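K.L.:
Got a structure here, written out as structure tokens. Questions coming.
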Amino acid sequence: MTAAQPIRAEIRGEHRSRAIRNGAAVSTETTGDDQPEIRVEAYDKLGQWRVKLNETEKLKKRDVFERAAADLFLEAEYERDLRAVQAITDAIHILGRDYTGLDDDSIQFVMVGVRSVAERPTSGRSVIDEGPPPALSPDDYGVEADSAHTSDAATAIKNLPVAYPLQAFANITWIPVSVTTL
Amino acid sequence: MKGLLANSGLAVIWGPPKCGKSFWVFDLGMHIALGRDYRGHRVQQATVVYVALEGKQGFSARKEAFRRHHGIESAPFYLLSTSLDLVAKSSELIASIKAQLGKNLPGVLFLDTLNRSLVGSESKDEDMARFLAAAERVAQELNCAVVIVHHCGIDASRPRGHTSLSGAVESQLKVERGNTGEVIVTLELAKDFAEGTEIVSRLQRVELGMDADGDPITSLVVLPADYLPNERAITRKLSDRQRLALAALDECAATSGTRAPANLELPGLTIVVQVSAWREEL
């Protein structure tokens, strides 16, 4: 395997344009003749997450997808080429659609939320080996916990991906470290 | 917060690492969000945005401890834990907050810490000027107070970095740890309030659960301390001359000390000596 691996054809094409249309993806000028290349580590992880999602029971797929998206966005941070970042973003979208069975809105929600909170694990272990993350709903990335806030604000967060998502007090969930890392 | 923080402009809360700064600032923010008076200071209720760029891992435990201790399930308090370069991204930050909070814009935005939100040097006047301009822009656009949490440097008597920080803020609060673990907050500088106000708190451990080894997982809540600031223990060491003088006083009290006369109204077993006798002993 070379240092950079051409990404599979399915990552390019229609999926990219969909991600861009929904505002979550970085813009790119990639064409069909100009194949983006991603780092081999990202490519391998992508494959691992596909397998993982295939093996996951239906009710837990969304949780695993969120973890996959977080992990892959971290990989994307190491890419220097915007086209590679775009390719990984598109691949995450495909994971959500084809391997998780989510609709486009839900995928966008997960991607926007996870992208903003993704942090590199300090333990050095792969997050693929970890259990699913805590159950999250679209509200967890938004502001709707407090009834004092208007529905306009809730609508805004659903329609516009924001660079700095706020976590409402009620949604700041505490999970013991020992449980999350088991 | 009357007497401590203005409801607009910039403020800085600074102190050495591990002095309980972030616990205290979170407690302060929660009181503002809940509209609860704070140690005798009247609070104007407001939405709070807390930008936690340092110690993110402990924040959820801190919140959980507060929730359990105070029985609070909901408050207009919002956490932002995304990495932030304030100078470069202030416009995006403002837009994001406006988009998400709509009409309920924050009354105060905590920036924890300056170091984590500044790409550049705290000591360079250009970098600090850009940072302060960005923070002021956030305060103006959101019509709120921006409270910057900051560390002290090698010189523990002032906030780290360029002095323009102190000049730009409406108020400056110092956080330090007392001898018995209390968190002492002093209003050092204020444009509109009386300086020197002290708030003394203690940190109380709250058990949140058990880890896989059966050990307790804990966090801390900030509570008022029963403490008189003017009785704070003296920590400064005595000089050699002072130690000699004290030893002479002890010796003098042991050899020629007498019970205190009643007219001095001292506690019954107090021993007194004549100043002249002490001088002789010296």
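The values are calculated or read from the model by the stated rules, or taken from the named source; none is laboratory data. Predicted model only: the values in this text are computed from it and were never measured. For neighbour counting, all protein chains shown are included, and Cβ atoms are generated from backbone atoms with ideal geometry for every residue, glycine included.
K.L.:
Considering region B:38-76 alone, what residues qualify as being at the interface with chain A (Cβ under 8 Å from one of its Cβ atoms), of a type outside the set (D, E, K, R) and closer than 15 Å to B:Trp24 by Cβ?
P.N.:
Of everything in region B:38-76, just one residue is at the interface with chain A (Cβ under 8 Å from one of its Cβ atoms), of a type outside the set (D, E, K, R) and closer than 15 Å to B:Trp24 by Cβ, namely B:Phe59.
K.L.:
Same structure again: May I ask you to say which residue of B:Val49, B:Val43, B:Val12 is on the phi < 0 side of the Ramachandran plot and out of contact with any Pro (no Cβ under 9 Å at 6 or more places or on another chain)?
P.N.:
Result of the check over B:Val49, B:Val43, B:Val12: B:Val43.
K.L.:
Also, quick follow-up: Does A:Lys60 count as in a helix (DSSP H, G or I) and surrounded by fewer than 19 Cβ atoms within 10 Å (Cβ to Cβ)?
P.N.:
yes
K.L.:
Return the residues of region B:135-160 that are surrounded by fewer than 23 Cβ atoms within 10 Å (Cβ to Cβ) and touching an Asp or Glu at 6+ places or on another chain (Cβ under 7 Å); say none if nothing qualifies.
P.N.:
B:Arg160
K.L.:
Just give me the residues in region B:84-100 being of a type in the set (A, V, I, L, M, F, W, C) and touching a helix residue (DSSP H, G or I) at 6+ places or on another chain (Cβ under 6 Å), in sequence order.
P.N.:
Selection gives B:Leu84, B:Leu86, B:Val87, B:Ile94, B:Ala99.
K.L.:
Those residues that are in a loop (DSSP other than H, G, I, E, B), within 7 Å of chain A (Cβ to nearest Cβ), among the charged types (D, E, K, R) and under 26 Å from A:Leu74 (Cβ atoms), I need them from region B:80-111; list them, please.
P.N.:
The answer is none; no residue qualifies.
For (1) in contact with a strand residue (DSSP E or B) (Cβ under 8 Å, 6 or more places away or on another chain); (2) modelled with pLDDT of 80 or more; (3) not in a helix (DSSP H, G or I), each residue gets a yes or a no:
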position	(1), (2), (3)
A:Thr31	no, no, yes
A:Leu53	no, yes, no
A:Glu79	yes, no, yes
A:Val85	no, yes, no
A:Asp90	no, yes, no
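K.L.:
Name the pairs whose Cβ atoms lie under 7 Å apart, with the first residue in region B:207-218 and farther than 14 Å from B:Phe66 by Cα, the second small (Gly, Ala, Ser) and outside any strand (DSSP E or B), and 6 or more positions between them or separate chains?
P.N.:
B:Asp211/A:Ser178; B:Ala212/A:Ser178
K.L.:
In this structure, is A:Gly96 among the small types (Gly, Ala, Ser), surrounded by 15 or more Cβ atoms within 10 Å (Cβ to Cβ), within 15 Å of the chain's Cα centre (by Cα) and at pLDDT below 80?
P.N.:
No.
K.L.:
Moving on. Within region B:124-153, work out how many residues are under 22 Å from the mean Cα position of the chain (by Cα) and not in a helix (DSSP H, G or I).
P.N.:
10
K.L.:
Shifting gears a bit: How about region B:1-28: which of its residues are within 18 Å of B:Pro106 (Cβ to Cβ) and in contact with a Phe, Trp or Tyr (Cβ under 9 Å, 6 or more places away or on another chain)?
P.N.:
If the condition is that a residue be within 18 Å of B:Pro106 (Cβ to Cβ) and in contact with a Phe, Trp or Tyr (Cβ under 9 Å, 6 or more places away or on another chain), then B:Met1, B:Leu4, B:Leu5, B:Ala6, B:Ile13, B:Val25, B:Phe26, B:Asp27, B:Leu28 are the ones that fit.
K.L.:
Anything in region B:69-83 that is touching a helix residue (DSSP H, G or I) at 6+ places or on another chain (Cβ under 6 Å) and at pLDDT below 90? List them, or say none.
P.N.:
Hits for region B:69-83 are B:Ser74, B:Ser81, B:Thr82.
K.L.:
Any idea which of B:Ile94, B:Ile32 is of a type in the set (Val, Ile, Thr) and under 22 Å from B:Asp127 (Cβ atoms)?
P.N.:
B:Ile94
Matching residues to (1) crowded, with 18+ Cβ neighbours inside 10 Å; (2) without any contact (Cβ under 8 Å) to a residue 24 or more places away in the chain; (3) within 16 Å of B:Thr113 (Cα to Cα):
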residue: B:Met1; (1), (2), (3): yes, no, no
residue: B:Lys21; (1), (2), (3): yes, no, yes
residue: B:Met30; (1), (2), (3): yes, no, no
residue: B:Asp37; (1), (2), (3): no, yes, no
residue: B:His41; (1), (2), (3): no, no, no
residue: B:Tyr50; (1), (2), (3): yes, no, yes
residue: B:Ser74; (1), (2), (3): no, yes, no
residue: B:Leu80; (1), (2), (3): yes, no, yes
residue: B:Ser90; (1), (2), (3): yes, no, yes
